[in-house]
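Chemist: Please see the structure below; I have some questions.
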Amino acid sequence: MNEKKSIIITDEAIKAQRNIINKIANLNKNKCLKFHIKTYGCQMNVHDSEKLSGMLKEMGYINTKNIEEADIILFNTCCVREHVEIKILSRVSQIKELKTRKPDVIIGICGCMMQEKEIVDKIKNYYPYVDLVFGTHNLFKFPEILLKAIFSDSTVIDIWDDNPNIIENIPIKRADAIKAWIDINYGCNNFCTYCIVPYVRGREKSRRPENILNEIKSLANKGYKEITLLGQNVNSYGNDLHEGITFAKLLYMVNEINGIERIRFMTSHPKDLSDELIFAMRDLGKVCEHLHLPIQSGSNRILKKMNRKYTKESYLEIIDKLRVNIPDIAITTDIIVGFPGETEEDFKETLDLVKKVRYDAAYTFIYSKRSGTPAANMEEQVDKNIKHERLEKLIELQNKISIEKNAELNGKILEVLVEGISKRDKEKLTGRTRTNKIVHFLGKPDLIGNFVNLKIKETKAWTMQGELIQ
Ligand code: 5AD
Ligand code: SF4
């Protein structure tokens, strides 16, 4: 009953937006207008920008990399760390000069930062030249908000606290023709004490499996080879559907889709990583041998304060199980240093854990105080200099391990999906191994989109050089 209701609402919602898209497309006829989107933050934001691009394209706008020639400029924002927020606001300040020179340019800000009331108030008071503001829950309403902004002299602001429905069939203009991002669940229920995501992205909502599968089938028909299933915590996919479908079961269904050769996913929460998923990774040929499994800290005391709901020991047990079942698996992680109350002893435990796991790569962060989260009010905030020192030590250790791990691949022959021309060396192509390692090699551009076997010749911490095996 509920499900039916939600489908009707979402269909109507998107139908109304499609009508507005057509209206704007008519207004824009023969005008050759351009848009520029600046995206900050995670892959989910990158994918949201693909949806904004899809809607803009259907409204008759063309993408431009040159902000100076854009008629619409959108900032799709992230609020996970404070310094990124500061950077974004400074970028929005700089745009004032452009808006003064070209008053017809439409400036919009959307994404996670706009779910913070203080930020929206700041925009209202100090950035009056911004034309439109919307949040994460009503991205599908962008055409309607834009239409209002086109005919309004003041800032159009539309922010929703939440949206219980999933809006399907938003037009998407994907940045890539070989690999694609697919949302499988939105929001997060975990409330890690440092993290603002649950407050700005809302509670967990899973897309219906048939919608996910249909989207992937249509990508396969268009020639896509690789897909990455996205969610703040993909491991809890399906819990809210109450139909017995799990993330592992979804992987079995996706694995059946002809044409898709590689399946990736992110992000996984260790507390929800099941044996069923490990066995699915082991048994399903298309699921790649890479897992991003954020640990955040190696100290049980800090993990508890972070509300992570696992211990160092239970995490290491998962790592062992993964390596027994999937011997060549690459494991990457996220680590925060300087969480409130983190002592030298706690930090040493993090270094110790990194040495034990020997990650292929780690994304390392300095703890950033996010107002509204429990950790922001915790006593014993760590001194800035100490945080920086710890970060440096951690990066140094991880780099050494990454270099050693990649060096083990020297001389090996690995399958690589060719993604494009290397940015650094235009003579070379670039692609990724199943374990998500970047390899550059000499080859003709007609190999782009194909699988090749490369002999690894030279390795560094983040990239490798390979030679084509005929
Ligand atoms: N400070 C620093 N890092 C954070 N992350 C999330 N919130 C914060 C914060 N307040 C990191 C976590 C998460 C990654 C996406 O960002 O490591 O896994
Ligand atoms: Fe943030 Fe924790 Fe949810 Fe990840 S699992 S999005 S770190 S609250």
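Chemist: Can you run phi through the Karplus equation (6.51, -1.76, 1.60; θ = phi - 60°) for the stretch 459-465 and list ³J(HN,Hα) in whole Hz, with x for Gly and Pro?
Modeler: In residue order, the calculated couplings are 10, 10, 5, 10, 9, 9, 10 Hz.
Chemist: To one decimal place, what orientation-averaged projected area in nm² is obtained for the convex hull of the Cα set of the stretch 414-470?
Modeler: Values: hull surface 13.8 nm².
Taking the Cα atoms of the stretch 414-470, their convex hull projects to 3.4 nm² on average.
Chemist: Which of the lysines could a cross-linker bridge to LYS426, judged by Cα under 18 Å and excluding same-chain residues fewer than eight apart?
Modeler: LYS444
Chemist: Please identify the GluC sites (Glu not before Pro) of the stretch 327-412 that satisfy two criteria: DSSP loop assignment and at most 16 other Cβ atoms within 10 Å. Which are they?
Modeler: Working: sites: GLU342, GLU344, GLU345, GLU349, GLU379, GLU380, GLU389, GLU392, GLU396, GLU404, GLU408; in loops: GLU342, GLU379, GLU380, GLU408.
Those satisfying the criteria are GLU379, GLU380, GLU408.
Chemist: Going by amide H atoms built from the backbone, whose H comes under 5 Å of the H on ARG207, apart from near neighbours?
Modeler: Those lying under 5 Å, H to H, from ARG207 are ASN185, TYR186.
Chemist: Using the reciprocal of the averaged 1/r over all distinct C-alpha pairs, how large is the Kirkwood radius of the stretch 179-407 in Å?
Modeler: One over the average 1/r among Cα pairs gives 18.6 Å for the stretch 179-407.
Chemist: Considering only DSSP states other than H, G, I, E and B, which trypsin sites (Lys or Arg not before Pro) in the stretch 257-337 qualify as loop sites with at most 15 other Cβ atoms within 10 Å?
Modeler: LYS309
Chemist: Given the alpha-carbon gyration tensor of the stretch 1-150, what are the semi-axes of its equivalent ellipsoid in whole angstrom, ordered largest first, with each equal to the square root of 5 times an eigenvalue?
Modeler: On the way: eigenvalues 123, 88, 36 Å².
Semi-axis lengths for the stretch 1-150 are 25, 21, 13 Å.
Chemist: Something else now. Within the accessible area of the stretch 413-468, what % is carbon and sulfur when the probe is 1.4 Å and the other protein chains stay in place?
Modeler: Working: 1520 of 3060 Å².
Accessible surface attributable to carbon and sulfur in the stretch 413-468 totals 50 percent.
Chemist: Give the calculated FRET efficiency between TYR199 and LEU27 to the nearest 0.05, with a Förster radius of 35 Å applied to their Cβ-Cβ distance.
Modeler: Using R0 = 35 Å, I get an efficiency of 0.45.
Chemist: Would you list which lysines come within 17 Å of LYS457, measuring only between C-alpha atoms, while excluding same-chain residues fewer than 8 positions from it?
Modeler: LYS405, LYS412, LYS428, LYS437
Chemist: Mind checking the full-extension length gain between ARG18 and ILE395? Use 0.36 nm per residue of separation minus the Cα-Cα distance, one decimal, nm.
Modeler: So the chain would gain 131.0 nm between ARG18 and ILE395.
Chemist: Check the straight Cα-Cα distances from LYS225 and name the aspartates and glutamates below 19 Å, setting aside those fewer than 8 residues away within the same chain.
Modeler: GLU50, ASP176, ASP183, GLU215, GLU256, GLU261, GLU289, GLU415, GLU419, ASP446
Chemist: In nm, give the distance between the simple-model label positions of GLN470 and ASP352, each being 7 Å from the Cα along the Cα-to-Cβ direction.
Modeler: 5.5 nm
Chemist: I would also like to ask the following. For a label point 7 Å from the Cα of LYS444 along Cα→C-beta, name the residues of the stretch 382-420 whose backbone N is under 14 Å from it.
Modeler: Once the point is set 7 Å along Cα→Cβ of LYS444, nothing inside the stretch 382-420 turns out to lie under 14 Å by backbone N.
Chemist: In sequence order, what are the phi-derived ³J(HN,Hα) couplings for the stretch 346-352 according to the Karplus relation 6.51 cos²θ - 1.76 cosθ + 1.60 with θ = phi - 60°, rounded to whole Hz, with x for glycine and proline?
Modeler: Whole-Hz 3J(HN,Hα) from phi for the stretch 346-352: 4, 5, 4, 5, 5, 4, 5.
Chemist: Can I ask one more? State, to one decimal in nm, how far the label point of HIS83 lies from the label point of ALA407, with both points 7 Å from Cα in the Cβ direction.
Modeler: Modelled inter-label distance: 2.9 nm.
Chemist: Per the Kirkwood formula on distinct C-alpha pairs, the Rh of the chain is how many angstrom?
Modeler: 23.9 Å
Chemist: Using +1 at the Cβ of each Lys and Arg and -1 at the Cβ of each Asp and Glu in the stretch 413-468, identify which of ILE448, THR435, LEU414 lies farthest towards the dipole's positive end.
Modeler: THR435
Chemist: Once each part is reduced to its C-alpha centroid, what is the distance from the stretch 105-124 to the stretch 232-298 in angstrom?
Modeler: Measuring centre to centre over Cα atoms gives 34 Å.
Chemist: At 1.4 Å probe radius, can you tell me the per residue accessible area of the chain in Å²?
Modeler: Details: 21870 Å² over 470 residues.
With all protein chains present, the chain gives 47 Å² per residue.
Chemist: Are there any trypsin sites (Lys or Arg not before Pro) in the stretch 380-470 that are in a DSSP loop and have at most 15 other Cβ atoms within 10 Å? List them by number.
Modeler: Qualifying residues, ordered by number: LYS412, LYS423, ARG424, LYS426, LYS460.
Chemist: Using 0.36 nm per residue of separation minus the Cα-Cα distance, give me the extension gain between ASN211 and TYR252 in nm, one decimal.
Modeler: Going from the current span to full extension adds 13.2 nm.
Chemist: Label points 7 Å out from Cα along the Cβ direction at ASP11 and LYS102: separation in nm?
Modeler: For the pair ASP11/LYS102, the computed spacing is 4.1 nm.
Chemist: Ignoring ligands, DNA and RNA, please state the percent of accessible area on the stretch 179-407 from carbon and sulfur, probe 1.4 Å.
Modeler: 51 percent
Chemist: Got a sec? What order do TRP181, TRP462 fall in by accessible area at 1.4 Å, biggest, i.e. largest, first?
Modeler: So, going from the largest accessible area down, we get TRP462, TRP181.
Chemist: Still on this structure: In sequence order, what are the phi-derived ³J(HN,Hα) couplings for the stretch 270-279 according to the Karplus relation 6.51 cos²θ - 1.76 cosθ + 1.60 with θ = phi - 60°, rounded to whole Hz, with x for glycine and proline?
Modeler: Running phi through 6.51 cos²θ - 1.76 cosθ + 1.60 with θ = phi - 60° gives x, 5, 10, 7, 8, 4, 4, 6, 4, 5 Hz.
Chemist: Once fully extended, how much extra length lies between ASP383 and ASP328, figured as 0.36 nm per residue of separation less the alpha-carbon to alpha-carbon distance?
Modeler: 15.9 nm
Chemist: Related question: Using a Förster distance of 25 angstrom, determine the FRET efficiency expected from the C-beta separation of ASP161 and ASN239, and round it to 0.05.
Modeler: Values: r = 22 Å, r/R0 = 0.88.
The formula returns an efficiency of 0.70 here.
Chemist: Of all accessible surface on the stretch 11-158 at a 1.4 Å probe, what whole percent is carbon and sulfur?
Modeler: Numbers: 3450 of 6810 Å².
Percent of accessible area from carbon and sulfur atoms in the stretch 11-158: 51.
Chemist: Same structure, new question: Are any of the pairs LYS57/LYS222; LYS38/LYS99; LYS356/LYS423; LYS87/LYS312; LYS51/LYS179 more than 23 Å apart by Cα-Cα distance, and if so, which?
Modeler: Where the Cα-Cα span goes over 23 Å, the pairs concerned are LYS356/LYS423; LYS87/LYS312.
Chemist: When the helices in the chain are scored as -39500 (n - 2.57) per DSSP H run of 4 or longer and the sum is shared across all residues, what 222 nm value do you end up with, to the nearest 500 deg cm²/dmol?
Modeler: Values: 13 runs with 175 residues, N = 470.
Counting only the DSSP helices, I get -12000 deg cm²/dmol.
Chemist: Suppose accessible area is computed on protein heavy atoms with a 1.4 Å probe; arrange TYR363, TYR40 from highest to lowest.
Modeler: TYR363, TYR40
The values are calculated or read from the model by the stated rules, or taken from the named source; none is laboratory data. Here the structure is a predicted model, which means the values were calculated and not measured. For neighbour counting, all protein chains shown are included, and Cβ atoms are generated from backbone atoms with ideal geometry for every residue, glycine included. These area figures cover heavy atoms from the full protein model, side chains too; ligands, DNA and RNA do not enter into them. Shrake-Rupley method; radii C 1.70, N 1.55, O 1.52, S 1.80 Å.
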